[in-house]
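Novice: Quick one: this structure, given as structure tokens, is what I'll be asking you about.
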Amino acid sequence: MPQSFVYDVQPARVIFGHGTRARLPDEADRLGLSRLLVLSTSEQATLATDMQTQLGERAAGAFDGALMHTPVEVTGRALDVVRALDIDGVVSVGGGSTTGLGKAIALRTDLPQIVLPTTYAGSEMTPLLGETQDGLKTTRRSPKVLPEVVIYDVDLTLSLPAKMSATSAFNAMAHAVEALYAPDANPITSLMAEEGIRAIVDALPRVMHAGDDAGARSDLLYGAWLCACCLGATTMGLHHKLCHTLGGLFDLPHAQMHAIVLPYALKYNAMAIPEALTRLKRAMATDDPVLALHELVRRSDIPQALAGIGMPRDGVLRAVDQIMANPYRNPRVVERESLIRLIERAWSGGSA
Ligand code: NAD
């Protein structure tokens with residue numbers, strides 16, 4: 001680890017525990033908010049109604065149109081509601097899609113956000129926002145989109161189905177794995193990354209065994225939170241470049257794609273990241289983190305090949321062309337032939 005470093009602490013108030021959603025009205029009062037809009041997906045509209053009930057007269061309305069990848073048309077419709085109801089803050093209850101909508105509103109209005117995450121994706125701890133317009137996804141980094149308050153209520157994650165829990169946990173772990181070898185890694189992000197990975201590797205099999213195990217769910221959410229902090233504070237490499245490219249080109253499901261690609265991206269980088277590998281071995285209690293990740297994917301009974309989630313066989317070269325045209329910084333130089341082999345193996349689900 002270098003003796004000098006820069007660490008931008010991302011400001012947010014974090015409340016963690018069981019039943020913590022009951023703190024929502026107090027947090028709204030603390031921020032001086034009295035006309036809140038509750039955001040959700042249509043699938044979680046009932047949960048949004050529960051939050052409105054909790055908020056009482058502080059809730060001015062709800063908008064349940066959040067969608068994956070934050071389409072700007074949806075943001076436009078939500079902004080119409082914000083203006084019509086004279087909203088003074090948003091409450092986002094859900095996964096990364098709902099948090100994304102809250103961030104998109106904050107970017108355009110500076111309204112404060114209170115987020116209650118229900119997956120492990122981690123968007124709530126980052127100044128990043130990805131938006132789509134006419135099928136094109138663009139990502140920006142702005143302190144304006146950072147939520148003011150994040151209320152982690154473990155109980156809200158109990159309903160996340162087993163396979164979604166697994167893919168979402170891999171999505172979280174990918175942030176920490178790449179943070180370990182990021183160009184702007186520092187002792188604090190590395191500590192958070194190692195502990196986040198340790199917590200997830202320990203808790204995920206227990207959650208897969210019993211989704212209602214509140215202790216395991218708590219450990220998993222704790223690990224995901226640490227991994228999210230890493231995503232917010234460091235610059236991601238080849239793994240995230242692969243996922244952004246493949247997701248954009250073939251509209252692949254976000255979290256499943258992260259779970260499949262992670263062991264292959266780690267294998268590619270392994271020769272160039274000795275310090276990160278030492279931490280990974282310690283965190284995962286294994287001599288072979290790549291094999292251990294593969295094994296964890298297999299045991300979680302989630303798709304192991306990009307072919308299985310809709311990537312066309314003839315898409316490999318298109319993806320490679322796009323990545324080579326605009327690569328992210330990565331510890332190992334990204335070479336065309338090696339990249340083709342990486343994506344082909346991830347496509348077929350072969351060994352990394
Ligand atoms: P999601 O928010 O799209 O949720 C997937 C589905 O699961 C939705 O139908 C949702 O309503 C449902 N769901 C969520 N929590 C549930 C629960 N506890 N019980 C039952 N159903 C539940 O999925 P996601 O993986 O959390 O988010 C993906 C999106 O987040 C992508 O658009 C991705 O780009 C973005 N993301 C952004 C960042 C960032 O820092 N900007 C980080 C990670 C992910």
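Novice: I'd like to check something: does the stretch 314-321 contain any residue that is among the small types (Gly, Ala, Ser) and open to solvent by less than 30 Å² (accessible area, probe 1.4 Å)?
Specialist: Yes; the residues of the stretch 314-321 include at least one that is among the small types (Gly, Ala, Ser) and open to solvent by less than 30 Å² (accessible area, probe 1.4 Å).
Okay, residues lined up against (1) surrounded by 24 or more Cβ atoms within 10 Å (Cβ to Cβ); (2) assigned to a helix (DSSP H, G or I):
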position	(1), (2)
ILE87	no, no
VAL93	yes, no
LEU107	no, yes
THR132	no, no
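Novice: Of the numbered conditions (1) touching a Lys or Arg at 6+ places or on another chain (Cβ under 8 Å); (2) open to solvent by 10 Å² or more (accessible area, probe 1.4 Å); (3) away from the ligand (no atom under 14 Å from the Cβ), ASP80 fails exactly one; give the number of that condition.
Specialist: Among (1) touching a Lys or Arg at 6+ places or on another chain (Cβ under 8 Å); (2) open to solvent by 10 Å² or more (accessible area, probe 1.4 Å); (3) away from the ligand (no atom under 14 Å from the Cβ), ASP80 violates only (1).
Novice: Moving on to the next point. Restrict the check to the stretch 6-16 and report whether at least one residue is crowded, with 17+ Cβ neighbours inside 10 Å and at pLDDT 95 or above.
Specialist: yes
Here is a yes/no grid of residues against (1) within 19 Å of ILE15 (Cα to Cα); (2) surrounded by fewer than 24 Cβ atoms within 10 Å (Cβ to Cβ):
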residue	(1), (2)
PRO183	no, yes
ILE200	no, no
PRO205	no, yes
LEU221	yes, no
ALA224	yes, no
MET236	no, yes
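Novice: For the stretch 130-173: of the residues being among the β-branched types (Val, Ile, Thr) and more than 24 Å from ALA104 (Cα to Cα), which is nearest to the ligand (Cβ to nearest atom)?
Specialist: Filtering the stretch 130-173 for residues that are among the β-branched types (Val, Ile, Thr) and more than 24 Å from ALA104 (Cα to Cα), the one nearest to the ligand (Cβ to nearest atom) comes out as THR167.
Novice: Taking the condition of being within 21 Å of the chain's Cα centre (by Cα) and either outside any strand (DSSP E or B) or more than 12 Å from the ligand (Cβ to nearest atom) (or both), how many residues in the stretch 49-75 meet it?
Specialist: Residues meeting the conditions: 10.
Novice: Consider PRO127 against the criteria (1) crowded, with 23+ Cβ neighbours inside 10 Å; (2) within 11 Å of the ligand (Cβ to nearest atom); (3) not assigned by TED's automatic domain parsing to the domain that holds ALA285: it satisfies all of them except one. Which criterion is unmet?
Specialist: (1)
The values are calculated or read from the model by the stated rules, or taken from the named source; none is laboratory data. Computed from a prediction, not measured in an experiment: that's the story for all the values here. Every residue, glycine among them, receives a Cβ derived from its backbone with ideal geometry; neighbour counts consider all protein chains shown. Side chains are part of the model used for accessible areas, which takes the heavy atoms of the whole protein and leaves out ligands, DNA and RNA. Shrake-Rupley method; radii C 1.70, N 1.55, O 1.52, S 1.80 Å.
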